[in-house]
Amino acid sequence: MSATTTHETVAPAKERTDIVKLLLTNRTVLIIVLLLLLVGIFGGLSAAGVIAPGYNSDYLSAALINLVPLTMLALAQLLVIMSGKGGIDLSVGAIVSLAGMIFGFMHGMWGWPLLLAIIATVIFGALCGLLNGVLVAYLGYPPLIVTLATYYAMWSLALVINNQKPINTQPIQELYGLSKAVELPLIGQYLPLVPMGVFLFLIPTLLVVWFVVSKTTYGRELYAIGTNDTAASWAGINTQRTRALVYVGAGAISGLVAVVTVSQFASARPDSGVSGNGMALPAITMAVLGGVAITGGIGTVAGVFLAALLIVWLNAGILLAFEGNNGTQLQLFALGAVLIGAALLNGITNRKYSGTK
Amino acid sequence: MAVALPPPRRVEGTPRFALQGVSKRYGGVRAIRNADFTLMPGEVHAVVGENGAGKSTMIKIIAGAEFPDTGTFEMDGESVSIRSASDALDKGIAAVYQEAQLFGQLAVGENIFLGREMTSGSRIDWAGQKQRVVDLLAAFGLPESFVTRKVEELSAAEQQQVSIAKALSHDAKILILDEPSAILTDAEIENLFTAVRRLAAEGVSVIYISHRLDELFEIADVVTVMRDGETLGTFDIDDLSVSSLADLMVGGEFEASEASRHEPTNGEVRLSLKGLASGKRFHDVSLDVRSGEVVVLYGLVGSGVADIAAAAYGKQPVTAGSMELMGKPYSPKSASEAQRAGLAMLPANRKKEGMFSFQPIAFNISVGSLNLFHKFGVVMDKTKEKVVADDMIKALAIKTPSQRQKISALSGGNAQKVVIARQLVDKPDVLVLAEPSQGVDIGAKDEIHKLIDQVCDDGAAVLVATSDLMEALRIADRLIVIRNGTTFTEFERGVSQAKVLAAASGALSEGDEMQLAKGEDA
Amino acid sequence: MTAATMAPTRTRRERVLPPAITGQEYILMAVIAALWLVLSFATPGFLEPYSVQSLLWRLAPIGIMAIGMTIIMVTAGIDISVAAILMVCSVTIGKLITVGGMNFWLALLISILVGAALGAINGLLISFGRVPAIIITFGTANLFQFLGLKIFNSQTVNGLPASRAILGPGAEGRVLGVPIAFILMIVLVAIAWFYLRHWPGGRHFYAIGDDENAASLAGVNVRGRVFMAYVLMGILVGLAAGITIAGGTSTLDQSVGRGTELMTIAATVIGGTSVVGGRGSVFGAVLGALLVQTVATGVTQLGWPSQLSNLFVGIFIIIAVGADLIREQRRKAKL
Amino acid sequence: TETTTTTPSGGDTTTSAEATTGGEAAGGEFTVAFVPKIQGIPYFEAMNTGGKAAEAEIEGLTWMYQGPTTADPAAQADIVRSMIQKKVDVLIVAPNDPDSLAPILQEAKDAGIKVGTSDTDAPNSVREVFVEQATSQAIGEYTADTLAKAMGEKGTAVIVSCGETAENLNSWIKIEEETFASKYPDIKLLPTVYAGEDQNKATQMATDLMNANPDLNGIIGQCTTSAPGVAQAVRDAGKIGQVFTVGVGTPQAMLPYLEDGSSSGSILWDVENLGYLTAWAGAQLFQGKAFEATNQVSDKIKDVEFRDDTKELILGPPLVLTKDNAGQFNY
Ligand SMILES: Nc1ncnc2c1ncn2[C@@H]1O[C@H](COP(=O)(O)OP(=O)(O)OP(=O)(O)O)[C@@H](O)[C@H]1O
Ligand SMILES: Nc1ncnc2c1ncn2[C@@H]1O[C@H](COP(=O)(O)OP(=O)(O)OP(=O)(O)O)[C@@H](O)[C@H]1O
Ligand SMILES: [Mg+2]
Ligand SMILES: [Mg+2]
């Protein structure tokens, strides 16, 4: 534009109320709004009988069963992506498969007590993560390559370890109890039943990750290396250890997710984490939708959690609203549209408010 | 506030370039307001102002890197509008920005002509291009071998010179230089001045931004003063002096604290280097730093001053020799080791090695010593962090609304103070500072120097590595000249600029050096 | 072919550029050579003409897509939607031939146009919407997949005519025993390689990946270039779709192309292209693809359990990339 | 070709048990929902066609069909859950993962929905019927026999399977291995390879196997993607007549290969009839009618055997598709 024209973008910016600005520029707030709209609209349509009945609290809480693994892995991605330097973990799905099989052996075949088996599985996942971490942080491999390689490797290990047969012995099948829906204590009778996994796995993971990221000094180191790795090492932070640890954390979470999936499927499946489009890409998508900056240093646990919740309830709604193959296909469209829409909106408004052209 | 303005400079003939009533806003920040600026053919036109006064923004607008919100341009008498950087280049406006605009992974030879490659057919004419580059580099005494070097492998100063060479290669009518001298040594600055004078003689108009007021009197014909985004006016340099110029900038009486008030208390030796060497960077460096004294390592860039400092902080591998800290043998492998041993360091490159750009000030201060902010071993003590940050902001007079402000929204001077504050949190026994006032305006610079004295008076041992001679002379209790990667000679406080320069640039032979140093003692 | 393309750049006048063949590429060539040597002894069939021919043919589509991915990653971008684009292009060709009774070459042309269009969508959103490529292409991957499923319309494409001779792996698809699809890939690689090295436009991709802001200040049309990169990717995917179908697949179902994005990215990155942009070579990318294909083929031919082939792919990725890393670190240490 | 069906009347959220009975009161209107492993592959879409045929013929039956876009147990579970939420009357599933589905079928039953499985069973679940295309035993034997015959009962053979974890494929492979071992001692069977649901990969693997084993003269394409895949490899290699392939492939997809001899036969069953039978079985369940030992389902589907002990409803023996009869099927 010509130098003589006046910028519209500047003047009105002042008048805008902070609420509008917050809504447009803050991803988490935007997602909350979308979430309310979603539940309102689908709930309304469903109650009014425009779409199939039953988009109600019971259904929504039943759908939460998918929220558990998805959110947990998205949190794993949060840690890794936040650490910057192209941090990303394509191997989480493969770790879920492999760790799941290990868990299947320990609990389903060798009859290890449940708790011990779970702990061992988490540790195993952490070790897989450690492999990624060492290669990335200490040997300087690009995260994309390392985790792509370990993804391939662990995927095939998961297949051969029990020559591609799932483990579904009695103790494993009984695990389905872990994913059963339960009534909340005290206020429970007023609320729908909630899948137990939410309490056993999701909420603890959420709390731990939130605590580590935003309350501990380690979290500070994490933000530091993600924001400026060089400056971090000049500031006396052990960037290698800090970075390696996020991959260990991601691995540990994947190990826990392995237990979740095994209990949910009532069997340890060699392909549980890689079937279809696998678990890694959706997890990364949730993290990104939740406002985690792919360049590192920016991201919040709340954003990621809400993003996952939005998509899970959106998908659930679409299944009710649309018959036949249409429904499942539209889920793809909705995810894509929401992701791009949110990113574009926040991107444009951020530039608008910060004034950089 | 009331500072008597000298007579405005008189304008005859049509300006090469003129802008009127230009304003630019970044969100809430009013970078420049209603600025007027007139550039005559063949003049070297200085622009001065404190950090954040609006200098960079104004020239970015002239060079098409930013759009103004309001204002009109005239070039050679006709009104023009500049749509983009390339549009400006086509009109003959070339700029060297404050932040180097080079491509680290590409060779120097490619960098200089990137965007307007010389082609034979549609294919790049490497041979021809290389020839031009070699000639351009020669003007700065840079060797032919540079042509094939990756930019990321060059020192900051070398990169700066490459950017300047790039700007010169445009054969522009208007050449803009934003703080080109900030990281150059006086020798390099001389090369720059020669080039600038030659261009001016050829009728090129040069806009020259600098925080080093003294050098303006060597190079500039006229000077435009900016304050809080406004242009105060344009004056003939001859009607001004360093002090009157400084007064105009800060809009009040500015008196620099006369050379370091503090008295060296020769306490115990805190840090000592014995025959230290690091690969090709430097060798046989031996020196002691005592508590309560400021030792300055001065040398031209490439002389290895910065590397020596980095070695003491564990950021530069030591290949020979040894170090002692507080009397104990000391060989840090990492910055954290150095910190634990009681040594803190301000890195030379603020933006790359110092700033966590989009993080708050408090974050940027506490990040250097997180172990001090532990609760129960793991939890971050945010209340303590806030207290410390507020104290530092007060103590260092950092201009900011709050400790929650992002450091990227601070001016260079203030950003620099924040990074320095980071090093003070843990009250180090030894404080090492590399280029402490690089690219910082005269006011902030003075405050930083006061700060150094103060830290020193509180008993710390201070080692400063700088390539800014004025700074070296001002704060040094002992001034060690580094040349060809080794300690060449040492001066006491009060030595003359000429002698140090002679020693550093090699106009001084091994022989005279001894009695020179003696001469100082007497 | 390598010798041919590197010869001119060895000469003095072009020393401005980094060497024509980088360390990573030498290492890959060594690793691949070693693998071929071992395999030729370990399995009788490996060096049989037809074995090599089918290996080279298979290389073509992935190699062609790797060209586009390299350019994109050089600009510090990435394209996750490749698999989805491949799916749309394939089903387009399929429907045009079977339902529309269209001739293969015309269908291929349309597929290329479709690819270009989808690439253009990515390009527009990324360069003008200015949202990180990974976000946009994650999004469009879903959108395009939706589009593809709609075109499939819940049916597989059946009865594609048997022979798409010229581009196919069969005897008709070879000159002097070399698969034409492979030759096509080599030609494209050579053009891309030369363009990226010696044409201003090509160098500008590197400048953008190195420092986008600096590039636009230097007068590079950043948005236009980035846009072009994604359009080009789409075009190449459209072409690759044609080759896969020319492979003679009689039917297409909606799983077509799944996993291609990771394959292409793997090949590109193994080939030495930097994930953060500014560095990369199409030649390396093709070597990366060849390595992956060789490992997969090798495992099957050795009669090892095919489930293990991914394990070896993973291991070889680490080995090939690791060797170069160590070299780099040595070099940096010397400086 | 999307299934457009009316959902059970309006927004009432009374417990489904009531809804069901209410439904019956309304002149036997009822919904049978079928959830395939994956949508959009001809096999299940053909079942859908059969189901819709039944919808037209069977009084009061509404046929509902919805499948995931990838053969992913979790995605399939979501759909089943949404079906429960829609309070369908009968729910029949072709499980991607039998174990994971068992508990959800239990939930459905608790919600008063009649449940069954089709195409693939969920053995230890509460399903009241399993509609089976043919016994694994029969499929495995047919496949092995057809290939052996083509190979002249001697030489080397290999199985190119698909998903490593696919229950039914693995059960067929087991039978085939046994059959070769027992009936055809002169045929050497190489270790099975897995190409996923990817026809090109199947072609590549078959090609590699032929290159590595010059004496290879028989290949089994174990699923609907690898059956044409392996035939394609033989055709490309120009080894028609030297290397023989047999597969479990859908008619239209196999026709060209059957015609040029790169495929010696495809073992399948009338998939549309399987869909019809599934719908019919659903109707039986809803109306609470017990299955006979042999059932007359429609004029096309006769003498369908029901095994009371295992609650299996078996469509009949597999049929061998050849170039002569494959053309008769439109899927
Ligand atoms: N990219 C930006 N975003 C927001 N505000 C900006 C930006 N650039 C400059 N500003 C605002 O404009 C003011 C003037 O900036 P400018 O860079 O012109 O100062 P300056 O005179 O160059 O300072 P210095 O001497 O430190 O370079 C700054 O104080 C800042 O508040
Ligand atoms: N993203 C930003 N947001 C707000 N202000 C900014 C931003 N970027 C730059 N500025 C402002 O621009 C002014 C100059 O910053 P710039 O980056 O041009 O130079 P600097 O290195 O900060 O200052 P100096 O000239 O001392 O080196 C500063 O006052 C700063 O406040
Ligand atoms: Mg500036
Ligand atoms: Mg500045």
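Computed values, structure above
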{"quantity": "Identity of the residue in region B:42-58, in contact with a helix residue (DSSP H, G or I) (Cβ under 9 Å, 6 or more places away or on another chain) and not β-branched (Val, Ile, Thr), that ends up farthest from ligand 1 (Cβ to nearest atom)", "calculated": "B:Gly42"}
{"quantity": "Test: residue in region B:398-420 that is more than 16 Å from ligand 3 (Cβ to nearest atom) and at positive phi", "calculated": "no"}
{"quantity": "Enumeration of residues in region D:270-290 that are surrounded by fewer than 19 Cβ atoms within 10 Å (Cβ to Cβ) and in contact (Cβ under 8 Å) with a residue 12 or more places away in the chain", "calculated": "D:Gln287"}
{"quantity": "Long-range neighbours under 8 Å by Cβ, at least six apart or interchain, first residue β-branched (Val, Ile, Thr) within region B:24-35, second modelled with pLDDT under 75", "calculated": "B:Val29/A:Gly355"}
{"quantity": "Residue among B:Leu273, B:Leu216 that is in contact with a helix residue (DSSP H, G or I) (Cβ under 8 Å, 6 or more places away or on another chain) and in a strand (DSSP E or B)", "calculated": "B:Leu273"}
{"quantity": "Selection from region B:423-452 of residues that are out of contact with any strand residue (DSSP E or B) (no Cβ under 8 Å at 6 or more places or on another chain) and away from ligand 3 (no atom under 16 Å from the Cβ)", "calculated": "B:Val425, B:Lys427, B:Asp446, B:Glu447, B:Ile448, B:His449, B:Lys450, B:Leu451"}
{"quantity": "Matching residues in region A:243-279 - criterion: being more than 7 Å from every other protein chain (Cβ to nearest Cβ) and at positive phi", "calculated": "A:Gly278"}
{"quantity": "Selection status of B:Thr57, within 16 Å of ligand 3 (Cβ to nearest atom) and assigned by TED's automatic domain parsing to the domain that holds B:Asp238", "calculated": "yes"}
{"quantity": "Of the criteria (1) in a loop (DSSP other than H, G, I, E, B); (2) within 11 Å of chain A (Cβ to nearest Cβ); (3) of a type in the set (Lys, Arg); (4) more than 30 Å from C:Asn153 (Cβ to Cβ), which one C:Lys332 fails", "calculated": "(1)"}
{"quantity": "Residues satisfying the stated conditions in region B:163-189, i.e. in a helix (DSSP H, G or I), of a type outside the set (A, V, I, L, M) and at pLDDT below 85", "calculated": "B:Asp186, B:Glu188"}
{"quantity": "Test: residue in region B:434-454 that is within 14 Å of chain A (Cβ to nearest Cβ) and within 16 Å of ligand 2 (Cβ to nearest atom)", "calculated": "yes"}
{"quantity": "Of all residues in region B:23-54 being within 16 Å of ligand 3 (Cβ to nearest atom) and over 22 Å from B:Ile219 (Cβ atoms), the one that is farthest from the other protein chains (Cβ to nearest Cβ)", "calculated": "B:Gly52"}
{"quantity": "Selected residue [modelled with pLDDT under 90 and of a type in the set (S, T, N, Q)] from B:Ser260, B:Ser286", "calculated": "B:Ser260"}
{"quantity": "Which listed residue is assigned to a helix (DSSP H, G or I), out of contact with any Cys (no Cβ under 9 Å at 6 or more places or on another chain) and facing chain A (nearest Cβ under 10 Å), from C:Val275, C:Val321", "calculated": "C:Val321"}
{"quantity": "Residue that is modelled with the lowest pLDDT [pool: residues in region B:36-52 that are aliphatic (A, V, I, L, M) and within 16 Å of ligand 4 (Cβ to nearest atom)]", "calculated": "B:Val48"}
{"quantity": "Some residue of region B:372-394 being within 16 Å of ligand 1 (Cβ to nearest atom) and buried (at least 16 other Cβ atoms within 10 Å of the Cβ)", "calculated": "no"}
{"quantity": "Unmet criterion (only one of (1) crowded, with 22+ Cβ neighbours inside 10 Å; (2) within 16 Å of ligand 2 (Cβ to nearest atom); (3) more than 12 Å from B:Met226 (Cβ to Cβ)) for B:Thr57", "calculated": "(3)"}
{"quantity": "Search result, residues across region A:147-183 that are β-branched (Val, Ile, Thr) and touching a residue at least 12 places away in the same chain (Cβ under 8 Å)", "calculated": "A:Thr147, A:Thr150, A:Ile161, A:Ile167, A:Thr169, A:Ile172, A:Val182"}
{"quantity": "Looking only at region B:59-109, and only at residues there that are in contact with a Pro (Cβ under 8 Å, 6 or more places away or on another chain) and within 15 Å of ligand 1 (Cβ to nearest atom), the one that is nearest to the other protein chains (Cβ to nearest Cβ)", "calculated": "B:Ile61"}
{"quantity": "Residues located in region C:147-164, provided they are surrounded by fewer than 21 Cβ atoms within 10 Å (Cβ to Cβ) and either closer than 21 Å to A:Leu332 by Cα or within 10 Å of chain A (Cβ to nearest Cβ) (or both)", "calculated": "C:Lys150, C:Ile151, C:Asn153, C:Gln155"}
{"quantity": "Any hit, region D:111-133, residues being free of Cβ contacts under 8 Å to residues at least 40 places away in the same chain, among the acidic types (Asp, Glu) and not in a loop (DSSP other than H, G, I, E, B)", "calculated": "no"}
{"quantity": "Criterion: facing chain A (nearest Cβ under 9 Å) and buried (at least 20 other Cβ atoms within 10 Å of the Cβ) - qualifying residue of C:Ala107, C:Ala181, C:Ala141", "calculated": "C:Ala141"}
{"quantity": "Scan of region B:321-341 for residues that are within 14 Å of another protein chain (Cβ to nearest Cβ), part of a loop (DSSP other than H, G, I, E, B) and either touching a helix residue (DSSP H, G or I) at 6+ places or on another chain (Cβ under 8 Å) or in contact (Cβ under 8 Å) with a residue 24 or more places away in the chain (or both), ordered by number", "calculated": "B:Pro332, B:Ser334"}
{"quantity": "Residues that are at negative phi, surrounded by 21 or more Cβ atoms within 10 Å (Cβ to Cβ) and within 16 Å of ligand 4 (Cβ to nearest atom), drawn from region B:154-183", "calculated": "B:Gln160, B:Ser163, B:Ile176, B:Leu177, B:Asp178, B:Pro180, B:Ser181, B:Ala182, B:Ile183"}
{"quantity": "Selection within region A:155-167 - more than 8 Å from chain C (Cβ to nearest Cβ) and either buried (at least 22 other Cβ atoms within 10 Å of the Cβ) or at pLDDT 85 or above (or both)", "calculated": "A:Ala158, A:Ile161, A:Asn162, A:Pro166, A:Ile167"}
{"quantity": "Filter result for the condition that a residue is within 24 Å of B:Asp135 (Cα to Cα) and within 16 Å of ligand 1 (Cβ to nearest atom), over B:Ser181, B:Ser210, B:Ser205", "calculated": "B:Ser181"}
{"quantity": "Helices (runs of 4 or more DSSP H) completely within region C:1-117 that count 3 or more residues being β-branched (Val, Ile, Thr), out of contact with any Asp or Glu (no Cβ under 9 Å at 6 or more places or on another chain) and modelled with pLDDT of 80 or more", "calculated": "C:23-42, C:49-74, C:82-98"}
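A quick yes/no check of all residues on (1) away from ligand 3 (no atom under 16 Å from the Cβ); (2) within 14 Å of another protein chain (Cβ to nearest Cβ):
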residue	(1), (2)
B:Leu136	yes, yes
B:Glu144	yes, yes
B:Ser155	yes, yes
B:Glu158	yes, yes
B:Gln161	yes, no
B:Lys173	yes, no
B:Ser181	no, no
B:Val204	yes, no
B:Leu216	no, no
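The values are calculated or read from the model by the stated rules, or taken from the named source; none is laboratory data. Bear in mind that the values here come from a model prediction, so they are computed numbers and not experimental data. Here the Cβ is made from the backbone with ideal geometry for all residues, glycine too, and neighbour counts use every protein chain on show.
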